[in-house]
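A quick write-up on the structure given underneath.
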Amino acid sequence: MTEHHQGTRIRATGRRRKRPAKGRRVLRAVAWSTAALVVLGGAGLGYAYVRLDGNIKGVDINAQLGKDRPENVDNGSMDILVLGSDSRSGANAEYGKDEGGARSDTAMVVHVYEGHKKAAVVSIPRDTLVDRPQCTDGRGGTVPGQHRAMFNTAYEVGGPACAVKTVEAMSGIRMDHYVEVDFTGFKKLIDQLGGVEITTTKAIKDTKSHLDLAPGTHTLDGEQSLGLVRTRKSVGDGSDLGRIQLQQAFMKAFIDQVKSVGVFSNPKKLFDLADTATKAITPDSELDSVNALMGFAKGLSGLGADDVHMITLPVEYDPVDPNRVVPLEAQSRQVWQALKADKAIPASATKEGATGKAEGLVK
């Protein structure tokens, strides 16, 4: 797992938040898998609590964030920052050389609407240039702000708290929770599910992510799934935007797979899924217990793939450095204002900007 940066908790102080939805790769899995506790019952339930509580390692970051944060709007919705870390240490070393610090390889803001019947997911490209605010890191040190910093450096230099603070500065929306996903845990979670079925409309071959798929329908195991969500150079225009389009398509397939595996009729499978899921994530300290995750999961039970609207933050290629992107100011403002008001993201917000050109490659 990635290093845990200590601090104190992200606290959802309002009623706005009832309990949720991952970047939907993992939050959905947590929602279904923690239901194992209910199914097992009796003495098994006591064992499950002890076992699963021991798996959960939270990160306590609220004190690092301080009081200079967006208002906690009381409208019944919930916002969660979900990060996938690209740390190359430990069991993740097979995916590349450890360059010194973990970065947020995948970043998604998950907005669960009032009533928890629908959700929106906004993917933030890792290469987005932002004004990173001054942060407090996990050791109590001050990390200076930076103009035109790559978004994923926030996690690298200041850990989870700095990533949350950067997203809040960008969006003007207070994050209620934080969930981090580990590469190795993600692989094991997919394998525990029995794989995820996807259909490719064109061949995908990427030597860096060890992926070689012909056009057609495939059931991807954990290794292949990880390769797919990390594939970049061999799809679309070779940018991070194309990779995000693959990730979003995979997540919809993942959601459908979780709902179809029949875990509720198989208590052992359900417990094994819960065991794997709780090892795969690092939540904020308000979600670092079985009871908290069970409450968090209840709000997701009615959500399916068709209930989740996924977009990429509207961006354009940076005119100074075409390897980077910058937010389209007016369109990004539309996205964040809509979510802050608990409204649907207007179609006009996503009509312009760079796309990655990988849409429809995976279904």
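Structure summary
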| read-out | value |
| --- | --- |
| Complete set of residues in segment 308-363 that are open to solvent by 20 Å² or more (accessible area, probe 1.4 Å), hydrophobic (A, V, I, L, M, F, W, C) and part of a helix (DSSP H, G or I) | 330, 347 |
| Unique match (being at pLDDT 90 or above, in contact with a helix residue (DSSP H, G or I) (Cβ under 6 Å, 6 or more places away or on another chain), open to solvent by less than 10 Å² (accessible area, probe 1.4 Å) and within 22 Å of residue 227 (Cα to Cα)) among 198, 173 | 198 |
| From the options 180, 168, residue that is within 17 Å of residue 78 (Cβ to Cβ) and not aliphatic (A, V, I, L, M) | 168 |
| Criterion violated by residue 280 - all others in (1) over 30 Å from residue 357 (Cα atoms); (2) among the aliphatic types (A, V, I, L, M); (3) open to solvent by 60 Å² or more (accessible area, probe 1.4 Å) satisfied | (3) |
| Unmet requirement for residue 230, which otherwise passes all of (1) open to solvent by 10 Å² or more (accessible area, probe 1.4 Å); (2) more than 18 Å from the chain's Cα centre (by Cα) | (2) |
| Subset tally (residues that are in contact with a strand residue (DSSP E or B) (Cβ under 9 Å, 6 or more places away or on another chain), open to solvent by 30 Å² or more (accessible area, probe 1.4 Å) and among the small types (Gly, Ala, Ser)) for segment 139-157 | 1 |
| First in segment 207-228 and within 9 Å of residue 190 (Cβ to Cβ), second anywhere and surrounded by 14 or more Cβ atoms within 10 Å (Cβ to Cβ) and of a type in the set (Val, Ile, Thr), Cβ under 8 Å, 6 or more apart | 220/190; 220/196; 220/198; 221/190; 222/190; 225/190; 225/196; 226/190 |
| Verdict on residue 298 being of a type in the set (Lys, Arg), at pLDDT 95 or above and under 19 Å from residue 75 (Cα atoms) | no |
| Condition check for residue 339: aliphatic (A, V, I, L, M), modelled with pLDDT of 85 or more and closer than 24 Å to residue 201 by Cβ | no |
| Check on residue 272, surrounded by fewer than 21 Cβ atoms within 10 Å (Cβ to Cβ), closer than 30 Å to residue 192 by Cα and at pLDDT below 85 | yes |
| Criterion (at pLDDT below 80 and in contact with a Lys or Arg (Cβ under 8 Å, 6 or more places away or on another chain)) met by exactly one of 258, 235, 229 | 258 |
| Matching option when the condition is farther than 24 Å from residue 312 by Cα and not hydroxyl-bearing (Ser, Thr, Tyr), among 241, 226, 213 | 213 |
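Okay, residues lined up against (1) out of contact with any strand residue (DSSP E or B) (no Cβ under 9 Å at 6 or more places or on another chain); (2) crowded, with 20+ Cβ neighbours inside 10 Å:
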position: 110; (1), (2): no, yes
position: 128; (1), (2): no, yes
position: 137; (1), (2): no, no
position: 164; (1), (2): no, yes
position: 184; (1), (2): yes, no
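The values are calculated or read from the model by the stated rules, or taken from the named source; none is laboratory data. Note that the structure is a prediction, hence the values are computed from the model and not measured. All Cβ positions, even for glycine, are placed from backbone atoms using ideal geometry, and neighbour counts span all protein chains on display. Just the protein is used for accessible areas: all its heavy atoms, side chains included, with ligands, DNA and RNA removed. Shrake-Rupley method; radii C 1.70, N 1.55, O 1.52, S 1.80 Å.
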